[in-house]
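Undergrad: The structure's right below; bear with me while I get my questions together.
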Amino acid sequence: MAPLERTGSSRSGVGAGSTTADIRRENLGRVLRTIHLDGPMSRATLTMKLGLARGTVGILVDTLTEAGYLQERAPEVAGRGRPSPVIDVVPQSAAVLATELAVDGVRLTVTGLGGRVVSRQEWGHEPGGVDAGVARLADELGAAGRRRKRAGARYEAVGVAVWGIVRSPDGHVNVAPSIGWHDVALGDRLREALGAGAARTRSVIQHVVVANDADLGAVAEYRRGAGRGSRRLLYLHSDVGVGAGLVWNGTLLSASGGYSGEVGHMVVAPDGIRCGCGAIGCWETEVDQRALLRAAGREPSSNTGLEDEISRVLEQAAVGDPAAYAAVEKVATALGTGLANLVQVLGPDRIVLGYYLSELHRVCPLPVRRALQQRGFSPEARDLPIVAAELGKDAPVLGATEIALEPLLADPLAYL
């Protein structure tokens, strides 16, 4: 799969005027990216995928093996006859400290090449506010980075997924309402605290990226989950609020300044309730977890601790409880109405639902499909696949891993 880009990004590639060194650099990246995304494979399979000469692939593999990023080993499942060795990544050779600033706390997942999770840790939001929260995050990231360096990581990066509006070029958090952050230069503050981009004798962190959680979830599902094979993927997830990510032909779509995907603030109920953004009748007031609890007559007291209550409503609806099913049907209808609007505007070829939306759709799929059937202008729109996310709540951190690994995957030579 080709490198995933954002709209407005610029990426140099092999073209007219490229030198032999440029071509070698590009092909090393292609080899490492292919094994990273598609998993272990034989040299013959890799040669076929890349369309290069067998000898060229051998030299590239040997270079990355000597650098410590790839390894050759016996296949885990042997077939008939003499099994061919397979080329695989060395997961610990690269480490992404992938962090999610979620409603209920901070989750730090250390992930290696191949998307393999090495370790996890969690902590609650700091009571001292933004400065205390950023300081704690920088301390935890620095400590985790030093541990991975001692374990043999040659490349280390930080990827942060934020439940809020994030300016993608520099990771500036405009607002993260669920944790009370406003106008926080998170990307710049972490780069300064961690010394990212400084001489490697001073810092173990080479790269820091901060992005919206739903954008990162879309990247992960497109590359590793239920979106694989899609050309125009619409990814949505929800617990408190609704987020969306759009991947079109390998490009993560973003608007001017880096803000996009705030579909939760489409107005779908002009006579509805007031949203946290100040507007009336936003889509998220009709479809998120708080909306389901309100429909079930269980007004939520806060944004945290909702999962158990939501699970009870969905379980009761699944076994036929009339009141619970009526609540779920109401919210599923609102979900379908919003999706129909997005389908008409965006024309995706697949919709992936994450977090609680996937369970809502599983319990009550007909109202969602009915909205597409009623509003679709074409058979393709009416029959559009709607599938559950495969990566669950790991999607944002796995997406952060993919984006944070881009410098290495694009140019392994820079980190040999």
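The values are calculated or read from the model by the stated rules, or taken from the named source; none is laboratory data. Fair warning: this is a prediction, and the values are worked out from it, not measured in the lab. Because the Cβ atoms are built from the backbone with ideal geometry, glycine has one as well, and the counts that use them run over all protein chains shown. To get the accessible areas, we keep the full protein, side chains included, count just its heavy atoms, and leave off ligands, DNA and RNA. Shrake-Rupley method; radii C 1.70, N 1.55, O 1.52, S 1.80 Å.
Undergrad: Can you say whether Val267 is under 28 Å from Leu246 (Cβ atoms) and open to solvent by 20 Å² or more (accessible area, probe 1.4 Å), as far as the supplied structure shows?
TA: yes
One line per residue, one yes/no per condition, for (1) over 15 Å from Leu233 (Cβ atoms); (2) aromatic (Phe, Trp, Tyr); (3) touching a Leu at 6+ places or on another chain (Cβ under 6 Å):
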| residue | (1), (2), (3) |
| --- | --- |
| Gln344 | yes, no, no |
| Arg370 | yes, no, no |
| Gln373 | yes, no, no |
| Val387 | no, no, no |
| Lys393 | yes, no, no |
| Ala400 | yes, no, yes |
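Undergrad: Looking at (1) closer than 27 Å to Val162 by Cβ; (2) modelled with pLDDT of 95 or more; (3) among the hydroxyl-bearing types (Ser, Thr, Tyr), find the lone condition where Tyr325 falls short.
TA: Only one criterion is unmet by Tyr325, namely (1).
Undergrad: Take the residues in the range 235-262 that are open to solvent by 20 Å² or more (accessible area, probe 1.4 Å) and modelled with pLDDT of 90 or more; name whichever of them is nearest to Leu216 (Cα to Cα).
TA: Checked the range 235-262; the qualifying residue nearest to Leu216 (Cα to Cα) is Leu246.
Undergrad: In addition: Could you go through the range 210-229 and let me know if any residue there is more than 16 Å from Leu246 (Cα to Cα), in contact (Cβ under 8 Å) with a residue 40 or more places away in the chain and out of contact with any Pro (no Cβ under 8 Å at 6 or more places or on another chain).
TA: There is at least one residue in the range 210-229 that is more than 16 Å from Leu246 (Cα to Cα), in contact (Cβ under 8 Å) with a residue 40 or more places away in the chain and out of contact with any Pro (no Cβ under 8 Å at 6 or more places or on another chain).
A quick yes/no check of all residues on (1) open to solvent by less than 40 Å² (accessible area, probe 1.4 Å); (2) aromatic (Phe, Trp, Tyr); (3) out of contact with any Cys (no Cβ under 6 Å at 6 or more places or on another chain); (4) part of a helix (DSSP H, G or I):
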position: Arg298; (1), (2), (3), (4): no, no, yes, no
position: Glu309; (1), (2), (3), (4): no, no, yes, yes
position: Leu314; (1), (2), (3), (4): yes, no, yes, yes
position: Ala323; (1), (2), (3), (4): no, no, yes, yes
position: Ala327; (1), (2), (3), (4): yes, no, yes, yes
position: Gly338; (1), (2), (3), (4): yes, no, yes, yes
position: Val345; (1), (2), (3), (4): no, no, yes, yes
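Undergrad: On to the next question. Scan Arg232, Arg191 and give me the residue that is over 30 Å from Ala332 (Cα atoms), open to solvent by 10 Å² or more (accessible area, probe 1.4 Å) and among the basic types (Lys, Arg).
TA: Arg191
Undergrad: So in the range 57-70, with the set limited to residues that are hydroxyl-bearing (Ser, Thr, Tyr) and either touching a strand residue (DSSP E or B) at 6+ places or on another chain (Cβ under 7 Å) or open to solvent by 60 Å² or more (accessible area, probe 1.4 Å) (or both), which one is nearest to Pro83 (Cα to Cα)?
TA: Taking the candidates together, the pick is Thr65.
Undergrad: Quick check, is Ser302 within 22 Å of Ala400 (Cβ to Cβ), assigned to a loop (DSSP other than H, G, I, E, B) and modelled with pLDDT under 90?
TA: Considered against the rule, which asks whether it is within 22 Å of Ala400 (Cβ to Cβ), assigned to a loop (DSSP other than H, G, I, E, B) and modelled with pLDDT under 90, Ser302 comes out as no.
Undergrad: Select from the range 16-51 the residues that are outside any helix (DSSP H, G or I) and more than 31 Å from the chain's Cα centre (by Cα) and write down the one among them that is surrounded by the most Cβ atoms within 10 Å (Cβ to Cβ).
TA: Ser18
Undergrad: Of all helices (runs of 4 or more DSSP H) completely enclosed by the range 349-416, which ones contain at least 3 residues that are more than 30 Å from Glu122 (Cβ to Cβ) and open to solvent by less than 20 Å² (accessible area, probe 1.4 Å)?
TA: In the range 349-416, the matching helices (runs of 4 or more DSSP H) lie at 366-375.
Undergrad: Return the total of residues in the range 272-285 being within 18 Å of Leu306 (Cβ to Cβ) and open to solvent by 40 Å² or more (accessible area, probe 1.4 Å).
TA: Summing the residues that are within 18 Å of Leu306 (Cβ to Cβ) and open to solvent by 40 Å² or more (accessible area, probe 1.4 Å) in the range 272-285 gives 2.
Undergrad: Evaluate the following for Val175: is it at pLDDT below 90 and closer than 26 Å to Leu141 by Cα?
TA: So Val175 fits the description; yes.
Undergrad: Please go through the range 60-86 and give me each residue that is among the aliphatic types (A, V, I, L, M) and modelled with pLDDT under 95, ordered by number.
TA: Ala67, Ala74, Val77, Ala78, Val86
Undergrad: Among the residues in the range 174-184, are any aliphatic (A, V, I, L, M), over 25 Å from Ala220 (Cβ atoms) and without any contact (Cβ under 8 Å) to a residue 24 or more places away in the chain?
TA: So far as the range 174-184 goes, no, none of its residues is aliphatic (A, V, I, L, M), over 25 Å from Ala220 (Cβ atoms) and without any contact (Cβ under 8 Å) to a residue 24 or more places away in the chain.
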